Amino acid sequence: MRAPRFVALGDSLTEGVGDPVGEGWRGWAALLAGGLGEGEVAFTNLAVSGSQTRDVLERQLPAALALRPDIASVVVGVNDTLRCTFDIHAVAARLDRVYAAFAEQGAVLLTACLPDPGTMLGLPGALARPLARRQRAVNTVVHALSERYGAVHLHAAEGTWTTDRAMWSADRLHPSERGHRQLAARAHALLAERGLATGTAPSPEPEFPVPTKSASLLWLATAGTGWVVRRCTDLLPQLLTLAADEMRHRARGTSARLDLRASAAVSAALAALSVASGEQQVEAA
């Protein structure tokens, strides 16, 4: 009898940024893998920092399917919101294809919704609100598709953990070791409810000392700042335009129109997937 196989797909969050071990990263997925079974669990982490939904679909998915996992986690989308090319229709279509591929193979799908980066970074309201609107759109799509494909879904977009500084690393975008451990423990609990995690749950207490303030500032000034700059460079001009639009609507008292426009785009994206799915079923028949 082969060992259960767990494959993790996604971006820097799943890669483990914020939870350093030795010269690399560990992260919530690796912590979760250790508690999935009483014996050995075959774990492969395919997540790569900076990945968008396109990268997961085109690069990570084929490698994951070749491993024929029993459990596959797909946590991605924040980097899409930090790009000037953000398109909720494209995000929804890509995630639908990824989820469907695992469902067709019979793998258990593990998903999560996430906090918006603007709030986590403490950006001014006019800059934070457009990013929050984008992340809400991604989360809505993830919720809907998770339900469609029967995924085990972790609600991580809200709650006290998002405002507890102990849960976050110096860059305020990636969880600290304690934050990664909370994600792992919560995912383990959800899987255990379905009888899919039979090993010991990950401990919520950190294994390593909390980085000193000077070490955190050094990391933020070097690698951390570089991460943010690489992700946001192409977004900044558009974000300033979005912020100006945000302020104009706020001055006119018409901010609700922006929310309605975003909600309509999400509804249209999900409706398009339903139509495409219906057409495929007709063709198959």
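Among the helices (runs of 4 or more DSSP H) confined wholly to segment 216-285, which include 2 or more residues that are at pLDDT 85 or above and under 30 Å from Val48 (Cβ atoms)?
Helices (runs of 4 or more DSSP H) meeting the threshold: 255-284.
Output yes when any residue across segment 70-86 is over 21 Å from Arg136 (Cα atoms), buried (at least 19 other Cβ atoms within 10 Å of the Cβ) and β-branched (Val, Ile, Thr), and no when none is.
The initial filter retains those residues of segment 70-86 that are over 21 Å from Arg136 (Cα atoms), namely 70-72.
Still in the running and buried (at least 19 other Cβ atoms within 10 Å of the Cβ): 70-72.
Applying the additional criterion that residues be β-branched (Val, Ile, Thr) yields 71.
The answer is yes, given that some residue of segment 70-86 is over 21 Å from Arg136 (Cα atoms), buried (at least 19 other Cβ atoms within 10 Å of the Cβ) and β-branched (Val, Ile, Thr).
Restricting attention to segment 5-44, which residues are surrounded by fewer than 21 Cβ atoms within 10 Å (Cβ to Cβ) and not charged (D, E, K, R)?
Those that are surrounded by fewer than 21 Cβ atoms within 10 Å (Cβ to Cβ) and not charged (D, E, K, R): Pro20, Val21, Gly22, Gly24, Trp25, Gly34, Gly37, Gly39, Val41, Ala42, Phe43, Thr44.
Only one residue in Ala101, Ala93 is farther than 27 Å from Ala189 by Cα and more than 14 Å from the chain's Cα centre (by Cα), so which one is that?
Ala93
Step by step: first the residues of segment 145-200, then only those that are farther than 17 Å from Phe6 by Cβ and among the polar types (S, T, N, Q), then the one that is surrounded by the fewest Cβ atoms within 10 Å (Cβ to Cβ). Which residue is that?
If we take residues in segment 145-200 being farther than 17 Å from Phe6 by Cβ and among the polar types (S, T, N, Q), then Thr160 is surrounded by the fewest Cβ atoms within 10 Å (Cβ to Cβ).
Of all residues being modelled with pLDDT of 95 or more and of a type in the set (Ser, Thr, Tyr) in segment 87-144, which is surrounded by the most Cβ atoms within 10 Å (Cβ to Cβ)? Just the residue, please.
So the residue we want is Thr111.
The values are calculated or read from the model by the stated rules, or taken from the named source; none is laboratory data. Keep in mind it's a predicted model, so treat the numbers as computed, not measured. Neighbour counts are summed over all protein chains in view; Cβ atoms, including those assigned to glycine, are modelled from backbone coordinates with ideal geometry.
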